[in-house]
Amino acid sequence: MHQQIPEEFLKAMDVQNQSPVRIERNSMQEIGDNETTKSHNDKTRSYAVQLSSSILVIEKINESPIPEAYQKQIIDQLSQMKQQKEIYYQVITEESSSTLKYIATQIRGGDLGKSKSGPGARARNDALKAAKNANKPKAAKLKPGGRFFAEAWPSNPSKRSRPAAANRVAQQFQTAPAEGGNGLFGRFPARPTPDPSNPGCAGGPKSITVLSQSKSSEEGSAREITAHDGVKGKLTNKSASHLTSKHGHAVGIDDTLPPSPNQKSGKYPFADIRTRITKENKKEFGDILEKILQNSKTEPFPGVSIRGIKSQGFHSEDYGGEGGFFIGIHEEGKFKGQIKKAQPINRQQLEILRKFNKID
Amino acid sequence: MNDQQKFFKLLKYSNELKKNKKSLRKEDPEAFDMLLHFSVRIENNLQYSERQEYIELAKDFLADQMTADDFSYGFMSIYEGIGKKLGQMERTESLELANFLKPSRSELGYLLARIYGSCDSYSPDPEIAMADEKELKDCAQILLLTLQEE
């Protein structure tokens with residue numbers, strides 16, 4: 001029976017090599033279940049397999065010895081994975097960006113959000129299952145009991161909320177962020193910073209990259225808002241989600257997410273500002289933006305620099321933080337015509353806005 | 001009239017106007033600018049007095065104890081929370097404000113505003129993100145260095 005475990009485990013490793021995202025939780029779970037059914041006492045061989053990053057981590061939970069032969073097999077599998085990873089690196093650094101995107105798509109599962117059977121979809125499903133289990137007390141009891149599982153969540157309990165398999169791999173192989181950021185292996189230039197007085201956090205010189213404009217389906221479903229001075233801005237669905245989540249609380253949407261169990265208790269708990277993303281909240285947020293933009297008391301800031309991007313800015317004293325509320329519509333770059341800023345500002349930010357006509 | 005007296009006079013004036021649904025900026029732009037100058041000074045000193053919150057957050061993030069997304073919300077929460085605290089003190093014309101009127105660390109104010117911008121621009125969705133995890137890590141590192149060196 002002992003041999004059965006590593007054999008099953010190695011089979012799973014083969015599957016993993018075919019599609020290096022993660023070992024399937026289900027197959028590992030199944031082994032565990034069989035083991036438990038056969039002998040409740042035989043809980044001496046437990047493996048936790050976490051492929052949340054490109055490095056495979058194998059933990060042996062209890063102290064029973066692993067035969068040397070199996071150890072060697074596992075090590076061989078690991079070295080194969082390492083070689084595969086190196087090939088990816090090589091291809092990624094040599095090939096064109098389209099190839100890079102293709103590879104990234106494959107690694108993410110390719111069909112994420114479409115197919116129900118691809119590795120990406122499975123990883124996501126497992127992450128969802130793990131999320132459900134995490135809220136159940138019995139899940140906590142299973143771990144020390146030595147059942148077989150592959151964690152879809154980070155093993156460190158203080159890491160919060162992100163399904164590792166579904167997200168960290170995607171993050172690791174992420175191509176360039178939509179507008180700037182160093183992206184994968186630093187191949188991509190930093191975010192656009194035409195404004196030399198606004199060099200970003202790192203402070204060093206950054207190149208200007210105004211990406212070509214492309215009309216996505218996102219833009220097609222965007223909500224268009226016209227300000228009182230005739231300036232138009234589009235609020236795309238994704239931007240509405242992003243801005244509602246980050247700043248909904250600042251305009252009075254009282255629907256924040258509860259604190260995570262792992263969250264540190266500080267004076268300013270961050271869960272308090274994370275607004276739940278719902279259709280209603282997004283609509284309400286959009287309505288408030290419309291109200292602010294259409295109010296003649298709202299002060300326009302033409303040509304304002306938003307992190308170096310020339311934009312149309314609007315400032316209201318009636319909403320938001322102690323310095324009011326700021327809305328910004330990009331006038332150039334990939335997000336031209338889109339509302340990309342809608343945030344409360346404090347006194348310091350207000351002073352920067354008024355003195356330098358810019359906002360970070 | 002010293003800074004303290006000027007500040008409390010302007011604050012009182014501004015609060016009275018607010019009660020009457022008027023804005024100091026529109027009624028008296030010069031007075032508004034002066035009050036804003038004092039408020040920024042107080043805010044920066046308040047931010048500095050709460051530096052331990054920022055330090056812990058940056059350390060956790062740099063040690064991979066939290067995701068970039070959580071760091072972004074965490075930072076914004078602290079930053080906004082301190083702004084709110086100042087607002088409350090100003091509304092009640094708290095005498096405690098005088099303790100924070102000393103010359104401020106303006107560089108810290110600019111740095112925090114910049115990091116807030118990075119946090120606001122961060123999204124796990126690369127399609128809409130304007131800042132990535134690397135940028136946030138840079139921010140956390142600079143923040144830690146700035147706050148710990150003083």
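Quick look at the values:
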{"quantity": "Chain B, relative contact order [Cα under 8 Å, separation at least 6], %", "calculated": "29 percent"}
{"quantity": "DSSP H segments from chain B that extend 20 Å or more along their own axis, Cα-based, with Kyte-Doolittle mean of -1.0 or above", "calculated": "B:29-49, B:68-91, B:106-121, B:133-149"}
{"quantity": "Centre separation in Å (Cα based) which lies between segment B:68-95 and segment B:2-55", "calculated": "15 Å"}
{"quantity": "Exposure proxy order (Cβ contacts within 10 Å, fewest to most) of A:Ile75, B:Ile42", "calculated": "A:Ile75, B:Ile42"}
{"quantity": "Residues B:Thr146, A:Thr298 arranged by fewest to most Cβ contacts within 10 Å", "calculated": "B:Thr146, A:Thr298"}
{"quantity": "Relative contact order of segment B:1-78, defined on C-alpha pairs under 8 angstrom at six or more residues apart (%)", "calculated": "18 percent"}
{"quantity": "Residue mean of other protein chain beta carbons inside 10 Å, B:104-113", "calculated": "3"}
{"quantity": "Ratio of Rg to Rh over segment A:305-344 (Cα coordinates, Kirkwood Rh, two decimals)", "calculated": "1.02"}
{"quantity": "Along chain B, longest interval not containing exposed trypsin sites (Lys or Arg not before Pro), exposed being DSSP loop plus at most 14 other Cβ atoms within 10 Å", "calculated": "B:23-150"}
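Read the figures in this text as sums done on the coordinates, not as results from a lab. Because the structure is a prediction, the values reported are computed rather than measured. Positions of Cβ are backbone-derived with ideal geometry, glycine not excepted, and every protein chain shown enters the neighbour counts.
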